[in-house]
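Engineer: So that we are looking at the same thing, I have put the structure below in structure tokens.
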Amino acid sequence: MKYVPFSLCLLPILVSACANSGANYTPILDGPPTAAFRSDLSVCQSLARDQRQFDQETAGAAVLGAGAGALLGAADDDADAAGGAIAGALAGGVAGAVNASERREAIVVECLRGRGHRVVG
């Protein structure tokens, strides 16, 4: 039976947990919210959540990180390729998830601005 490191099993859980964090962002307004703000916020968050290409980019970053980590691990005399692949996949996955979250936040902000809300951040 093949041994699969526990940390490698956690990668999909970690990435999926961060997948919609930016879409749930509630920005700061300059002044009180208008009557339509809650409705517009919900629509803009939904728009950000529906951008699935960010999830694909995050998965791609994890795969690239795993490949780079495996190469570096195999090249190092004291490390192994599997350990490098795991570390690289975690690093790539986390970096991709953070990037996707920031991009989803930006979508929420720009969508609300486009609907006439005075968003400052």
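Engineer: Would you call A61 farther than 29 Å from I28 by Cα and part of a helix (DSSP H, G or I)?
Structural biologist: Against the criterion (farther than 29 Å from I28 by Cα and part of a helix (DSSP H, G or I)), A61 qualifies.
Engineer: Of the residues that sit in region 58-115 and are surrounded by fewer than 18 Cβ atoms within 10 Å (Cβ to Cβ) and among the β-branched types (V, I, T), which one is farthest from the chain's Cα centre (by Cα)?
Structural biologist: The extreme case among them is V63.
Engineer: Still on this structure: Looking at D55, is it of a type in the set (D, E, K, R) and in contact with a Leu (Cβ under 8 Å, 6 or more places away or on another chain)?
Structural biologist: Criteria not met by D55.
Engineer: Also, I was wondering about something else. Only one residue in A95, A81, A89 is of a type outside the set (D, E, K, R) and at pLDDT below 80, so which one is that?
Structural biologist: Testing whether each residue is of a type outside the set (D, E, K, R) and at pLDDT below 80 leaves just A81.
Engineer: What about G121, is it within 30 Å of D40 (Cβ to Cβ) and small (G, A, S)?
Structural biologist: So G121 fits the description; yes.
Engineer: When R118 is evaluated against the numbered criteria (1) under 14 Å from G22 (Cβ atoms); (2) in contact (Cβ under 8 Å) with a residue 24 or more places away in the chain; (3) more than 12 Å from the chain's Cα centre (by Cα), which criterion, by number, is the only one it fails?
Structural biologist: So R118 meets the others, but not (1).
The values are calculated or read from the model by the stated rules, or taken from the named source; none is laboratory data. Because the structure is a prediction, the values reported are computed rather than measured. Cβ coordinates were reconstructed from backbone atoms using ideal geometry, including for glycine residues, and neighbour counts include every protein chain displayed.
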